[in-house]
1. State the extension gain, in nm to one decimal, for the chain segment bounded by R179 and K61, taking 0.36 nm per residue of separation less the distance between their alpha-carbons.
2. Might you work out the accessible area of E23 for me, using a 1.4 Å probe with all protein chains in place, and round it to the nearest 10 Å²?
3. What dipole magnitude, in Debye to the nearest 20, does the range 5-206 give about its Cα centre under +1 on Lys/Arg Cβ and -1 on Asp/Glu Cβ?
4. What are the ³J(HN,Hα) couplings of the range 112-125, residue after residue, when phi is run through the Karplus curve with 6.51, -1.76, 1.60 and θ = phi - 60°? Round to Hz, x for glycine and proline.
5. Compare the Cα positions of L26, I143, Y14 along the charge dipole of the chain (+1 at Cβ of Lys, Arg; -1 at Cβ of Asp, Glu; about the Cα centre) and return the one farthest towards the positive end.
6. Amide H neighbours of D68 under 5 Å, at least 5 residues apart or on other chains, H built in the peptide plane: list them.
7. Would you pull out the residues with amide H under 5 Å of G20's amide H, same chain only if 5 or more places away, H placed 1.01 Å from N?
8. Report the Cα centroid-to-centroid distance between the range 56-123 and the range 154-169 in angstrom, as an integer.
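The values are calculated or read from the model by the stated rules, or taken from the named source; none is laboratory data. These numbers come from a predicted model, not from an experiment. Here the Cβ is made from the backbone with ideal geometry for all residues, glycine too, and neighbour counts use every protein chain on show. All accessible areas refer to the heavy atoms of the entire protein, side chains included, with ligands and DNA or RNA removed. Shrake-Rupley method; radii C 1.70, N 1.55, O 1.52, S 1.80 Å.
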Amino acid sequence: MAEMCSVEKRGRVYLLTLAGTDEHRLNPALLDAIRSALAGVRSDAAASGGSAALVVAAEGKFFSNGFDLAWARVSPSDRVPLMVPALQRTIADLLSLPMPTIAAVTGHAAAAGCFLVLSHDYVVMRADRGFLYMSEIDIGLPITENIMAVMRAKIADPRTRRDLLLRGKRMTAAEAAARGIVDRAVEGAAETVEAAVAMGEELAARNWDGEVYASIRKGVFREACRGIGVAVEEEEAEMKKAASKL
């Protein structure tokens, strides 16, 4: 089986790239590969010491075109329910990662792929190609409450949520930036990745304590974190650890 994703270290920034030129449809195999890569980043960062940042990018035309519905609907049974928990676990890993996270959206990000983008702390998006698109309303796929909690936490404006979720509006980088979803729009795929890495290096240079960073993130997005399955016990343990340093 071809490698689904790769990780390289650029200074203090870990660059996780979804490999290949397909649509990066999210099925349990790809989501498990992403989670394994994130676990490796977490372990290496802990062993290395110092602060770090994560950038997630993708090769090809798509950042991710959502769930792998072709895989999910293969007989003899509907496997859609298997994908939702796998996505939730991946989002939980991102929300609990002890470092800033940046999505480098170099192509289209649709449906579950859009949720994956929103699970990062920052978003840098290619301006000359690609869009954010919540296609569930068009394909007739409901959205679970715990994943919807992430949408509410990351997109505060109800009109923007309405347009994405109830109109199925496809947003370019420029419009997404104007609406506060995207932090920066950049021309070109390679330039988008470089801009995201530069942002990651700038954030890592602040030399923040990663566990404190993760604890504060959980406080900021408490509803989303609890809904997606980030354990309360883990929050409490990190708070005690932070308090012991005071």
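1. Going from the current span to full extension adds 40.1 nm.
2. 70 Å²
3. I would put it at about 400 debye.
4. So the J values, rounded to whole Hz, are 4, x, 5, 4, 4, 4, 5, 7, 8, 6, 9, 10, 10, 10.
5. I143
6. The list, which skips near neighbours in sequence, is L26, N27.
7. Sorted by chain and number, the residues that satisfy this are E59.
8. 19 Å
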